[in-house]
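Trainee: Would you mind keeping the following structure in view while I ask a few things?
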Amino acid sequence: MKVIHAAAPVRAQTVDTIRAEIISGALKPGQRLVERELCEQLDVSRNTIREACRQLEAEGFLVIPPHKGPTVAQLSDDEARAIYEVREALECFAVRLFVERASDEMLNRLKDTLAKLKAAHQSGRVSRMLSTKNRFYDALYSGAGNDVLHAQARLLHGRLAQLRARSLEHQGRPQSSIEEIEEVVEHIAARDADRASELWRDHIRNAAATALAPI
């Protein structure tokens with residue numbers, strides 16, 4: 001991994017690079033990050049590494065104990081279940097609000113991101129699936145029209161990304177996941193809030209069961 005010194009701020013590139021390494025599994029849960037090694041690998045300063053690690057700690061990707069170096073966050077099964085419970089509450093509410101509030105333009109945006117998500121799932125690359133799914137969620141929460149709800153969802157982003165990656169590594173889950181999402185969007189388009197929310201709940205519970213199952 002290496003940061004390219006281009007238009008984007010170096011710190012932002014550093015955050016993106018380390019985050020991608022965590023999501024891909026190149027950096028394992030519980031693995032300690034060594035500042036000197038990161039500086040050499042990414043060709044950035046120690047201050048940049050420290051700032052990036054603080055941001056990733058805030059996102060839930062790292063933990064930084066007092067007087068110790070950053071470590072990749074790891075979730076217990078109980079913590080994972082709790083996160084999925086909160087995810088279910090937030091996202092089912094977002095689906096319901098989207099049905100009630102989203103304009104036709106927002107619905108078309110959601111459908112467009114779904115098409116891109118389907119292509120990402122067909123690629124078989126988990127990193128591409130996750131980045132594209134983030135755009136799908138941005139479209140969903142934008143259409144829901146509740147900034148507080150969206151902000152709460154962002155607080156879970158880091159830990160959810162790791163759980164999604166774990167779920168999508170299971171054989172057959174990418175295909176079943178996209179089929180579930182397609183069915184939800186069909187009911188969103190039909191403005192059927194009850195059925196869309198119910199199906200999204202099932203989608204999240206299926207994802208949770210897969211993520212918590214041994215590979």
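Values quoted throughout were computed directly from the atomic coordinates according to the rules given, and no laboratory measurement underlies them. Predicted model, so just to flag it, every value in this text is computed and none were measured. All Cβ positions, even for glycine, are placed from backbone atoms using ideal geometry, and neighbour counts span all protein chains on display.
Trainee: How much mean residue ellipticity at 222 nm does the chain get from its helices, if each DSSP H run of length 4 or more adds -39500 (n - 2.57) and you divide by all residues, to the nearest 500 deg cm²/dmol?
Mentor: Numbers: 10 runs with 158 residues, N = 215.
My calculation for the chain gives -24500 deg cm²/dmol from helical runs alone.
Trainee: Contour minus end-to-end for residue 149 and residue 194, with contour as 0.36 nm per residue of separation and end-to-end as the Cα-Cα distance? Intermediate results must be reported in sequence, preceding the final value.
Mentor: Numbers: separation 45, 0.36 × 45 = 16.20 nm, distance 1.90 nm.
Answer, rounded to one decimal: 14.3 nm.
Trainee: Which of 75, 212 comes first, and how do the rest follow, when ranked by fewest Cβ neighbours within 10 Å?
Mentor: Lowest count first: 212, 75.
Trainee: Using a simple spin-label model with points 7 Å from Cα along the Cα→Cβ vector, what separation in nm is obtained for residue 112 and residue 36?
Mentor: Spacing of the two 7 Å Cα→Cβ label points: 5.0 nm.
Trainee: So, one more: Which of the trypsin sites (Lys or Arg not before Pro) found in segment 52-89 are loop residues per DSSP with 16 or fewer other Cβ atoms within 10 Å of their Cβ? Can you show the working numbers first?
Mentor: Values: sites: 54, 68, 81, 87; in loops: 68.
Here the trypsin sites (Lys or Arg not before Pro) that fit, given the DSSP loop and packing criteria, are 68.
Trainee: If you don't mind, another one. Would you grab the residues whose amide H sits under 5 Å from the one on residue 62? Only those 5+ places off in sequence or on another chain, please, with H modelled 1.01 Å from N.
Mentor: Those lying under 5 Å, H to H, from residue 62 are 57, 73.
Trainee: Something else: Quick one: what are the phi-derived ³J(HN,Hα) couplings along segment 167-181, Karplus 6.51/-1.76/1.60 with θ = phi - 60°, whole Hz, x for glycine and proline?
Mentor: 5, 6, 6, 6, 4, x, 5, x, 5, 5, 4, 5, 5, 5, 5
Trainee: Moving on to the next point. Please arrange 22, 204 by counting, for each residue, the other beta carbons lying within 10 Å of its beta carbon, fewest first. Working shown, then result.
Mentor: Working: 22 23, 204 19.
So the residues, fewest neighbours to most, are 204, 22.
Trainee: Further question: Can you compute the charge dipole magnitude of the chain about its Cα centre, using +1 on each Lys and Arg Cβ and -1 on each Asp and Glu Cβ, nothing else charged? Give it in debye, rounded to the nearest 20. Don't skip to the answer; put the middle values down first.
Mentor: Working: 31 positive and 31 negative charges, 138 e Å.
It comes to approximately 660 debye.
Trainee: Applying the Karplus parametrisation 6.51 cos²θ - 1.76 cosθ + 1.60 with θ = phi - 60° to the phi angles of segment 13-22, what ³J(HN,Hα) value in whole Hz is obtained for each residue in order, glycine and proline being reported as x?
Mentor: 5, 5, 4, 4, 5, 5, 4, 4, 5, 5
Trainee: Rounded to whole Hz and in sequence order, give me ³J(HN,Hα) for segment 47-53 from the Karplus expression 6.51 cos²θ - 1.76 cosθ + 1.60, θ = phi - 60°, writing x for Gly and Pro.
Mentor: These are the phi-based 3J(HN,Hα) values: 4, 5, 4, 5, 5, 5, 5 Hz.
Trainee: Here's something else I'd like to know. Starting from the Kirkwood radius over alpha-carbon pairs of segment 90-215, derive D by Stokes-Einstein at 25 °C in a medium of 0.890 mPa s and give it in µm² s⁻¹.
Mentor: Calculated translational D: 169 µm²/s.
Trainee: Pull up the cross-link candidates among the lysines for residue 68, meaning alpha carbon to alpha carbon under 30 Å and not fewer than 8 places away within one chain.
Mentor: 2, 28
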